[in-house]
1. Pick from B:VAL37, B:VAL176, B:VAL296 the residue whose mean-square fluctuation is largest in a GNM of chain B, springs joining Cα atoms under 10 Å.
2. So how strong a dipole does segment A:2-82 carry about its Cα centre when Lys and Arg Cβ are +1 and Asp and Glu Cβ are -1, to the nearest 20 debye?
3. Suppose each label sits 7 Å from its Cα in the direction of the beta carbon; what would the A:LEU116-B:LEU129 distance come out to in nanometres?
4. Compute the Kirkwood hydrodynamic radius of segment B:9-51, taking the inverse of the mean of 1/r over all pairs of distinct Cα atoms, and give it in Å to one decimal.
5. Measuring from label point to label point, each 7 Å out along Cα→Cβ, what is the B:ARG141 to B:ASN11 span in nm?
6. Top mean-square fluctuation among B:ASN172, B:ASN268, B:ASN73, Gaussian network model of chain B, C-alpha springs under 10 Å?
7. List the aspartates and glutamates whose Cα sits under 15 Å from the Cα of A:LYS271, skipping any in the same chain fewer than 8 residues away.
8. With the cut-off at 14 Å, report for segment A:195-249 the share of all Cα pairs above it, as a whole percent.
Amino acid sequence: MLQQLILALWAIVLAIGLSALFFIGSNLLLDRVLTSDHLRDDDARSQRDDIRESIRPWIFIGPALLLLALYLVVPVFYTLWLSLNSRGEFVGFANYLWAFNNRGFQISVRNNLLWLFVVPTFSTIFGLLIAYLTDRMWWRNIARSLIFLPMAISFVGASVIWRFIYDYRGPGDDQIGLLNAVVVALGGDPQAWIALQPLNNFLLMAIMVWIQTGFAMVLLGAAIRGVPEDTIEAANMDGANEIQMLFKIVIPQVWGTIVVVWTTITVLVLKIFDVVLAMTNGQWQTQVLANLMFDIMFRAGDFGRGSTVAVFIMLAVLPIMWWNVRQARKEMG
Amino acid sequence: MIKAQKFTVGNAIKHLIVLTFVVLWTLPTAGLLVSSVRDADQLIVSGWWTALVPTERNEAHRTQSADAQVEENGMFRIDGQLFREGSGRSVVAWGTGPRTLEEYEPGGTWERDDGSRITIESDGSYTWLSDEPFEHTRGIRLFYIAAIPPRFTLANYERVLEAEGIGRAFINSVTVTLPATFIPILIAAFAAYALSWMTFWGRTFFLAAIVGLLVVPLQMALIPVLSTYNWLGQTWISSLGWEPRSYLGIWLAHTGFGLPLAVYLLRNYMVGLPKEIMESARMDGATHFKIFISIVLPLSIPALASFAIFQFLWVWNDLLVAIVFLGQGEGRTVLTAQLRELLGSRGDNWEILTAGAFITMIVPLVVFISMQRYFVRGMLAGSVKGG
């Protein structure tokens, strides 16, 4: 134990030290090699300075570009290529045809669509509602902190928490799962929720809504703070009630933030993996694309079909990516 | 500004709705926490919300044989105790068979067909009296409902930390997380500075590319990067004694995957720093490196902290990258992977799962609660990315 701890600390220091050393070393080296201090001629001097300073940006940005290329850009194209191959042989769109005719894939697509609809919708609505209701509440901070807290919990940890809530015991025994205890107290029969189709999909989604509502709440809370006081005053004067205020004043003013929250959660949900793996591992028709890909890639060892599934996730993200890049270019002018 | 509010029905409803949300959002975690310190035997028979109430359990006890009898005023008696000493248990009711558990109250007497009499007190002591000497070699069975006082223990934690590998996984998680948080910060800070304050070919293109890369799903990178690692491991690095699945591999992977957000966040922050400071430093002949180290980096600490918390939570809570690039077993399993392993192998041992889950959560919760301000700031600045 102690030995590993020392090893770990040593590795941490080494990793951080080496990367720091690279930046310091390369910059000093550049200053030394292309120094202009010994040059007497002003022209030669400024020319040397220009060369040096045109190299320096690449030292600054080089490692980032290299890593981005190696870990994201090149792999994306390589995955596209792999999706057209099967065990080292080019097979054209055969993997895609296989996917369309595969029951597991169809279920995954259906479930991903459900996830895409349910999780961003409910997270945003709950987040907006809580942000709006707590806006002027005296115990605002404590309420918001508690609802925000699940953001810190890993998806696997959250899965343990919720599997415990969905736990099932036979009808004769005391239920130790909260959900079944409530159902029994209300006179119902206990259920094995996780295996109960098609409800189980929604029970998995509830976990994600539980985590993401805090995110939506914080972003929308900040946006609601930014709604000009005078518009609210004016609406108050006109005798608008809380509900009218929410729909007529607040929502239109924070619409931009709602869209951002929505897309952010959408991108996250497209890649949903941990919750499904930990809760059901795709059994009882709860499979999703990311978990299907993991299955194909590791259990079946089929990189071609695995890549094909990944490409579908990528295709779903493309519109959002295009939109983001367009917005960014606009902002940069 | 907090305004004094009048009490109205509408206001009460508002508070009630928020309260409902807060309770619903807090209960799941509370249940986990309470369960993790409960006695394992109680945990499986009663809900955690009854943790403070004694649990009732149906039990049976075999009395002593005739050897234990004593003669007293011409009567024969056998004394015994249902419970171990100091267990704090008590008898709620008892009976003559497993189906008639509530036949007698504590202190009641059962007249047997052979004329002997059995009395059980609520503290679990029983007396069996008879006019004839006892001759049985095997005692008879007594059936009762026992009330077991609530018991809290840290034994679950001891067990998961040692026997279930969570302790080891904790150190592994630290080993993965710290470098995977600091390396991208360093690399991204330099890149962000270049993108905000240096002029070079392709700057706008790189910026747009980074915004695009923000949402690229991890899944697109897994197979190529893993194949490359495997290939490297098989061909030339193996001669150096390295494996394809190593800490170095996962640090770099996390760095690569975290860079778009890091550069994006830091660049957005740095570009907003006052231009005049930068320009006057340039006038004084300071190089970009010097400006970066002595001016920009110290000024950017809030943004650096925001990203650090993001990346820390992301890496600590990550499962996918860890199981792909580090694998399971071989003493390199991180917390999330170990917890998932337990979920598979110990699916019904809730004392292990709840304690294990809480240990995986404790570090992110502490970081999160103590640095929520920075986290929120970062979130507001970088919400284009999908995590």
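The values are calculated or read from the model by the stated rules, or taken from the named source; none is laboratory data. Not measured: the values here are computed from a predicted model. Neighbour counts run over all protein chains shown; Cβ positions are idealised from the backbone, glycine included. Surface accessibility is based on the protein's heavy atoms, side chains included, excluding ligands, DNA and RNA. Shrake-Rupley method; radii C 1.70, N 1.55, O 1.52, S 1.80 Å.
1. Judging by the Gaussian network model, the answer is B:VAL296.
2. 320
3. About 8.1 nm, to one decimal.
4. After inverting the mean inverse Cα-Cα distance, the result is 12.0 Å.
5. 6.4
6. B:ASN73
7. A:ASP295, B:ASP318
8. Across segment A:195-249, Cα pairs with separations above 14 Å total 68 percent.
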